[in-house]
Every structure is written in C-alpha cells, then in structure tokens.
Amino acid sequence: MIEIAGRFDLPAPPTTCRPYGNGHINDTFLVQDAAGARYVLQRVNRRVFRQPEAVMANVATVIEHLSQGASSEREHLTLVPLRGAAQPWTVDQAGDYWRMYHFIEHSLCLERAESDQDMRKAGLAFGRFQRALATLPAERLHTTIPGFHDTARYYDRLTTALAADTAGRAADVAPDVAFALDRQDQADLLGGLARDGRLPTRVTHNDTKLNNVLFDATTREPLCVIDLDTVMPGLLVHDFGDSVRFGASTAAEDEPDLARVSFSLPLFEAYAAGFLEGCGDTVTPAEVQHLRDGARLITLEQGVRFLTDYLEADQYYRTTRPGQNLDRARTQFKLVADMENQWEAMGQAVAHLAG
Ligand code: ADP
Ligand code: GN1
Ligand code: MG
C-alpha cells in the first residue's frame, strides 16, 4: 500500500497507511507522510464501478465545479495528482484503480445524528450541494452505474435471486419478500415522473448518507460533502430520500433488534428544513411535492437491494457478520412501514416548510 501511496505527488514520502472508515463498497486507507500531513487513499471497487475512469472523470468534474464557488479548500475534496502523469489515479498489478484525496483536518464524520441540529446541518450540506451543482449540466457526467436508482430494476433482480436461491436462503425470508412485493406496483413512480419530464434530471450525489458529510470539529457546521463516486445524472428526491433513510432512523442501518428501529418525524423535519434552505430556489414545486416519495421509495429500494444481496450470499455489500444484510433489509422495511404510518404528517411537515 505504501508503494501505491508513493506514486502520488506528495510533498514528503508516505510513512504509514492503515484501513479507515466504514464504507460498504470501496477500500479506504489513511496515509500519513513524513511531514505529518494526512491523506485518504482509496481503492475503487471494480465489481461495482465497471468504468473506473468514467467515475474518476465525474469526480474531477464535480470537484472542479464546486471549487469555483467555494470560499475555502475545506469545503470540497481535493485530489492529489499522480507523479509524472496527467490523471489523478493509478492502476495496480491486479488492475484496481486507486486515487488519493487531501485529508480534511479537524473534521467530524457522524454515523448517527446526535441531535435534530445535526440532521438540519446535514440537510443544509446536501441542499447546498444541489444548489451549487444546479449550474453543472447533467450531460457533463457519465452514467457510471446504469439504473442505479431504478427501483423497478432492483425488484427484477430480487425476483431472479429468489428463483435461483443459490444460497438456499429464500425460505427464511418469506415475510420480508412479501413486504417488498406488496409494494412493487409503486417501484416505478419516480422513474415515470422523470420520463414524463415532471421531475428534472440533475447532477445528484446518489449516496447521501450522513457519514458522507464532514462537519467542522469545533463549530459542528457542515464543511464538505464527500464520497463522490456515484455523482451522476439523477433525481433530487432520491438524494433527499437517501439521507432521510439513513439519518432519520433511531437505530443503525444493521440493527438486529427491530424494536429499536423507528422513523423519527422530528429528524425528518429537521433534515427537510436544512435541505430546503440549502437548495434555495433550485428546487421545483414538483420536487417538493415528491420529497416524501423519495424517502419512502429509496428506503424500500435499499431494503430490496440488501435482501437480494442476502439471497445471493452477500456478494455486493461488505459484511462483518452472518445475517447482516438480512438485518439491514429488515431495518429498511421497518422504516418504510413507519413512514407509511406517518405519511400525512410527513406531507404536512414538507408543505409547512415549503410554505
Ligand atoms: P466509502 O465509499 O467507502 O463510504 P468514503 O469516501 O465515504 O468511502 O470514505 C470513508 C470515510 O473516510 C468517510 O466516511 C470519512 O470518515 C473518511 N474520509 C473520506 N474522505 C475524507 C477526507 N477527504 N478527509 C477526511 N476524512 C475523509
Ligand atoms: C453503499 O459505499 P457506501 O457504504 O457509501 C452503496 C449505496 C447504499 C449504501 C447503503 C455504490 O454505499 O448505494 O445506499 O451502501 N453504494 C453503492 O449503506 O452501491
Ligand atoms: Mg462513504
């Protein structure tokens, strides 16, 4: 790893490199150089990102755009150039792609919102991100994972995985499958609105978990949106929804005890307030109208994705214990059920905020 780190144009030689972070897809390492400066080195998951060069091009385009409007270097990621090369990435012997960012010092990365205020600030960060990227035409970005938030396509995969049942797990998950299939008729709601031109295609982040925002360690103000691998053309309501899915839950994404998992309306409201404030006049009335659909359907989609991966013997998401993907699927379905029970209140909260 140090050898890979040494290929980047650092002011002093790298001295240490250790695994870092909690991501499910890429491998992240924290590198320190002889002068004490720190960097984030990442190996891009080739199975998930089939066109790593297109991913890197998207990341570079978005960083370039964000840096134009930023008032400080801590407000956006910065790629470290490669020594003697034009592109900021390198390929190892196995054919894996690596890239490096400057570590944003004195920052906090939260796995859970510790208060409504944290959620509001995360909303502000992703809302501002949307606003800043509203001036970057979506055609400038590659679609690096086709159908990434095509919920109907994930249902098709679930059906295929159930029929194949390669891991012999289908019988254990009949109630979970039934929950998902009961809602299959709604899977194309947002896709249909996008095709009809009711929801605009924008540059979106597509992985807006709370742990993809860095906060200033002293002020706890949002600093920077990170994890840009999935930036591509998409829907604002999905970005909104994915934050709510992850951040408005009262428990971790893989909590095995469902009694601890519930959807928090106050956290939802706090996020929506920050997000709408951050978006400013970027957001359209149709997008506001469908924010809660974004939350519910992305949560349903994520449950379907986790359940499919469980059925396929955990090949996509990194797991650290048996049954983790099933636990993850179940938390998502519990959140969907809770959202359905609080559907009117979610609508009223958004309507009140959009005023
Ligand atoms: P993954 O796709 O695996 O989630 P991320 O790009 O989100 O990878 O990085 C994993 C973790 O590393 C983040 O949650 C954050 O804690 C930390 N991190 C990533 N980039 C930076 C950075 N530039 N500065 C500081 N911390 C970072
Ligand atoms: C993956 O890499 P990470 O952990 O930020 C996944 C997201 C899921 C998320 C669920 C490329 O994100 O789509 O929402 O796990 N990323 C990809 O926690 O599939
Ligand atoms: Mg991440």
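Element breakdown for segment 2-105 at a 1.4 angstrom probe: carbon and sulfur atoms account for 49% of the accessible area.
With Rh defined as the Kirkwood radius, the inverse of the mean 1/r over Cα pairs, the Rg/Rh of segment 38-169 is 1.03. Roughly speaking, to the nearest percent, how much of segment 109-354's 1.4 Å accessible area is carbon and sulfur? Carbon and sulfur: 50 percent of the exposed surface of segment 109-354. Residue-normalised convex hull volume from the C-alpha trace of the chain: 139 Å³ per residue. Rounded to the nearest 0.05, the FRET efficiency derived from the C-beta distance between residue 47 and residue 345 at R0 = 45 Å is 0.65. The ratio of the alpha-carbon radius of gyration of segment 2-105 to the globular-protein estimate 2.2 N^0.38 Å is 1.05. Note on residue 102 and residue 159: with the Förster distance fixed at 51 Å, the Cβ-Cβ geometry gives a FRET efficiency of about 0.70. Adding -39500 (n - 2.57) for every DSSP H run of four residues or longer, then dividing by how many residues the chain holds, sets the calculated 222 nm ellipticity at -13500 deg cm²/dmol. A 1.4 Å probe run over the protein chains yields, for the chain, 43 Å² of accessible area per residue, whole-number rounding. Packing, taken as the mean count of other beta carbons within 10 Å per residue, orders the peptides 86-97, 44-55 from highest to lowest as 44-55, 86-97.
Taking a ≥ b ≥ c as the square roots of the eigenvalues of the Cα gyration tensor, segment 138-268 is oblate, since a/c reaches 1.5 or more and a/b is not larger than b/c.
Sorting 257-270, 312-325 by average packing, meaning the other beta carbons within 10 Å per residue, from highest down gives 257-270, 312-325. Amide H contacts for residue 15 (H built 1.01 Å from N in the peptide plane; partners 5 or more residues away or on another chain; cut-off under 5 Å): 32, 33, 34.
The values are calculated or read from the model by the stated rules, or taken from the named source; none is laboratory data. Everything quoted here is computed from the prediction, not taken from an experiment. All Cβ positions, even for glycine, are placed from backbone atoms using ideal geometry, and neighbour counts span all protein chains on display. Accessible surface is based on the protein model in full, side chains and every heavy atom, while ligands, DNA and RNA are left aside. Shrake-Rupley method; radii C 1.70, N 1.55, O 1.52, S 1.80 Å.
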